[in-house]
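Let me begin by presenting the structure, written as structure tokens, before commenting on it.
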Amino acid sequence: MTVKVELQKIGILGLQLIWHFLHLILSSFYFVVGIATTLESYLISCGLLRKYNHLSIEMVKYLAIVVDSDEAYNTLKIIELLQWLASLGIRSICLYDVEGVLKQSKEIILKKVNNATVFQDITLEFISISDGKEAVAKAANFLLENKLRKMNMSEDHRRRFSESQMTEALKAVGCGGPDPDLMLVYGPIRCHLGFPAWRIPYTEILHMGPLKSMKYGSLVKAIYKFTMVRQNYGK
């Protein structure tokens with residue numbers, strides 16, 4: 001019995017050692033990747049990697065910036081990001097976070113934008129998840145009213161609306177909005193965080209990591225990657 005217990009302890013110890021070894025390997029890997037990314041970003045920022053010096057910025061007609069709501073309180077970082085985008089020549093930007101933190105900071109951001117020459121001719125849109133819910137409700141009411149006007153009482157009124165009908169209804173009630181060509185997501189989660197789905201059917205979505213760790217070189221690389229994909233495969 002004692003031998004069996006000892007073998008169990010040895011087995012558990014062996015598994016713990018394997019787990020710690022794998023954890024060390026993964027940690028080392030991500031550490032090396034982080035250093036390489038930081039170095040590459042620095043080289044891009046300094047203009048030493050020449051292929052990033054000439055961006056086909058005209059391919060980014062409308063850019064969406066999605067920020068985790070906890071990080072959206074960092075207004076200075078948001079303004080710095082907008083300065084970078086404006087300096088690259090991007091003129092139409094949508095700012096989104098789930099809880100509407102960016103909308104609450106709209107006046108502060110716009111005041112800074114209006115007072116800086118780098119932001120000349122830039123257009124900003126501020127939305128949150130509540131805008132999407134309100135838009136869907138308006139579109140549904142619009143469809144229902146139209147259907148009630150057109151249908152006879154004898155017809156089957158339980159028929160569901162199609163996706164194309166909903167899209168047309170959203171445009172009709174003024175909630176369609178431009179479709180972003182590119183979406184950059186800042187935060188811990190790799191998704192669009194509830195950004196209105198009907199506006200991103202063909203949008204390229206790139207995760208950029210935490211807003212507090214954003215880098216100019218990483219931004220340039222993301223835009224370059226997007227423009228290269230569009231050039232190779234077409235829109």
(request) Would you please name the residue that is farthest from residue 209 (Cα to Cα), looking only at residues in the range 31-46 that are without any contact (Cβ under 8 Å) to a residue 60 or more places away in the chain and surrounded by 11 or more Cβ atoms within 10 Å (Cβ to Cβ)? (result) 39
(request) Pairs only if they're at least six apart or on different chains, beta carbon under 6 angstrom, first in the range 86-115 and within 17 Å of residue 195 (Cβ to Cβ), second modelled with pLDDT under 95 and open to solvent by 50 Å² or more (accessible area, probe 1.4 Å); list them, first residue then second. (result) 92/123; 98/129
(message) It is to be established whether one or more residues within the range 56-65 are among the β-branched types (Val, Ile, Thr), in a helix (DSSP H, G or I) and closer than 26 Å to residue 205 by Cα.
(response) yes
(message) Against the conditions (1) open to solvent by 100 Å² or more (accessible area, probe 1.4 Å); (2) assigned to a helix (DSSP H, G or I), where does residue 18 fall short? Just the number, please.
(response) (1)
(message) Between 24, 13, 95, which is surrounded by 11 or more Cβ atoms within 10 Å (Cβ to Cβ) and of a type outside the set (S, T, N, Q)?
(response) 95
(request) Test each condition in (1) over 25 Å from residue 199 (Cα atoms); (2) modelled with pLDDT of 95 or more for residue 65 and report the one that comes out false. (result) (1)
(request) State which residue is farthest from residue 55 (Cα to Cα) when the search covers only the range 116-130 and only residues that are part of a loop (DSSP other than H, G, I, E, B) and free of Cβ contacts under 8 Å to residues at least 40 places away in the same chain. (result) 128
(message) Can you find a residue that is modelled with pLDDT under 90, of a type in the set (Gly, Ala, Ser), farther than 30 Å from residue 71 by Cβ and surrounded by fewer than 18 Cβ atoms within 10 Å (Cβ to Cβ) anywhere in the range 196-209?
(response) no
(request) Would you check which residues across the range 98-121 are modelled with pLDDT of 90 or more and open to solvent by less than 30 Å² (accessible area, probe 1.4 Å) and list them? (result) 100, 101, 102, 105, 109
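The values are calculated or read from the model by the stated rules, or taken from the named source; none is laboratory data. Here the structure is a predicted model, which is why all the values come from computation and not from measurement. Positions of Cβ are generated from backbone atoms using ideal geometry, with glycine treated the same way; all protein chains shown enter the neighbour counts. With ligands, DNA and RNA removed, areas are computed over all heavy atoms of the protein, side chains included. Shrake-Rupley method; radii C 1.70, N 1.55, O 1.52, S 1.80 Å.
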